[in-house]
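Here's the structure, in structure tokens; my notes come after.
The values are calculated or read from the model by the stated rules, or taken from the named source; none is laboratory data. Worth saying up front: this structure is predicted, and the values here are computed from it rather than measured. Counting neighbours? That spans all protein chains shown, and the Cβs are built from the backbone with ideal geometry, glycine included. Ligands, DNA and RNA are excluded from the accessible area calculation, which covers all protein heavy atoms including side chains. Shrake-Rupley method; radii C 1.70, N 1.55, O 1.52, S 1.80 Å.
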Amino acid sequence: EPVMHERLLDRRQLEHDLRDAIENDGLALAYQPIVDLDRGELHAFEALVRWPHPERGPLSPAEFVPLAEETDLIVPLGAWVLREAARQARRFDDLGGQAAKRVMHVNLSARHLEGDGLAADVTRAIGEAGLRPERFELEVTETVMMQNAERSAALLHAICDRGVRLAIDDFGTGHSSLAYLHDLPMHTLKIDRTFVDRMLDDARSEAIVRTIVQLASGLGMRVVAEGIETTEQLAALRAAGVRYGQGYLFARPLPPDEAASWRPPLLTPRPRPGRTLPPEAPPPER
Ligand code: C2E
Ligand code: MG
Ligand code: MG
């Protein structure tokens, strides 16, 4: 079929362009702030890959990460992201502003975890940048851990033994297995944005968020809420005891220069634990 033939050629072209972009610094990272909701401080950044394609315009990860995963490109792509995120964390340090000395979150792909090179890629990235391992936090989805669970667990353990932190991304949307929470040294649990989205008009989602907070607290893990878009969502999350958050309410993923000078909005103090919250928590002062 001519249409299929055309699509195939288009895909080949994209694959060729992607390889070229990875090899020649044609990709970019955007940095989304993660805010400490208790202290009203910038806590960390999440590095998110972007591809400013010369002809097609800016492409989002959804448009090329799957292609990279279907080919052998995900490993060099992942290695580039690790290296660049570590380098940028170091540049933020050197600038000495608000963005200095923060944790850098990086997303991992299942395919990168399947190969042999991940631990070496991580070590090389932080080694070259001169970054302490605790400053690096790798985000893995539940789906990633369920595929080839034993091997993944061994690899993640090895990485964790080097001092690098681990986070579970999109928690609650995959196979939320308590087994890996037990077996793996996870530092952070990221509540998926679908729960944040629904919690205001759905008591069950709110109950799930509260339960996740308790679960994490019992395990000594941090909780980050993803996709906070409104002050009402922020108030509800804080009332549920969520300590960290990210989302368009605070900032979109930013280019490095904007991230370097970004400051969190002033937040009202959290009500003391154990006391019931007034029906409507005040919105944060901007
Ligand atoms: P993720 O790791 O769960 O990242 C969060 C996504 O939600 C990002 O989309 C971010 O821009 C978006 N987001 C942040 N705040 C809000 C909000 O308030 N509302 C809404 N609606 N969305 C928000 P993005 O950058 O398009 O990335 C999508 C996914 O692609 C990521 O989900 C991650 O799984 C993957 N990804 C991104 N960068 C990388 C990378 O460097 N390597 C790998 N393997 N995957 C990546
Ligand atoms: Mg993520
Ligand atoms: Mg996520």
- Task: For the stretch 190-253, state the average projected area of the convex hull of the C-alpha atoms over all orientations, rounded to one decimal in nm².
- Result: 3.8
- Note on the structure: Here, GLU55 and ARG204, labelled 7 Å along Cα→Cβ, have an inter-label distance in nm of 4.8
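Using the Cβ atoms and a cut-off under 9 Å, what net charge is assigned to the surroundings of LEU27, where Lys and Arg are +1 and Asp and Glu are -1?
-1
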- Task: Over the chain, average the accessible area per residue using a 1.4 Å probe and give it in Å², no decimals.
- Result: 51
- Quick one: among GLN214, GLN13, GLN147, which has the greatest mean-square fluctuation in a GNM of the chain with alpha-carbon springs under 10 angstrom? GLN13
- Item | Cα Rg, Dmax (largest Cα-Cα span) when computed across the stretch 13-96, Å | 14.8, 48
- Query: When the distances between all Cα atoms of the stretch 134-196 are binned every 10 Å from zero, what whole-number percent does each bin get?
  - Reply: 23, 57, 19, 1
- Message: Given bins 10 angstrom wide, list per bin the percent of all Cα-Cα distances in the chain, short to long.
- Response: 6, 27, 33, 23, 8, 2, 0
- Query: Any idea how far the Cα center of the stretch 171-192 sits from the one of the stretch 90-159, in Å?
  - Reply: 17
- Query: What does the charge count near ALA68 come to, summing +1 for each Lys or Arg and -1 for each Asp or Glu among other residues with Cβ under 11 Å from its Cβ?
  - Reply: -3
- Carbon/sulfur accessible area of the chain, % of total, 1.4 Å probe, equals 51
- Message: Using square roots of five times the C-alpha gyration tensor eigenvalues, list the equivalent-ellipsoid semi-axes of the stretch 38-151 in whole Å, biggest first.
- Response: 24, 18, 14
- Checked the stretch 114-271 with the C-alpha gyration tensor, a ≥ b ≥ c its square-rooted eigenvalues, rounded below a/c of 1.5, otherwise prolate if a/b is larger than b/c and oblate if not; verdict oblate
- Item | Total formal charge among the other residues, if their Cβ is under 9 angstrom from that of GLY172, Lys/Arg +1 and Asp/Glu -1 | -3
- Item | Neighbour-limited loop hits for trypsin sites (Lys or Arg not before Pro), the stretch 47-154 (at most 15 other Cβ within 10 Å; DSSP other than H, G, I, E, B) | ARG56, LYS101
- Item | Sites ALA28 and LEU67 - FRET efficiency at Förster radius 22 Å, r taken between beta-carbons, to 0.05 | 0.80
- Extension gain (nm, one decimal) between THR268 and ASP20, 0.36 nm per residue minus Cα-Cα: 84.5 nm
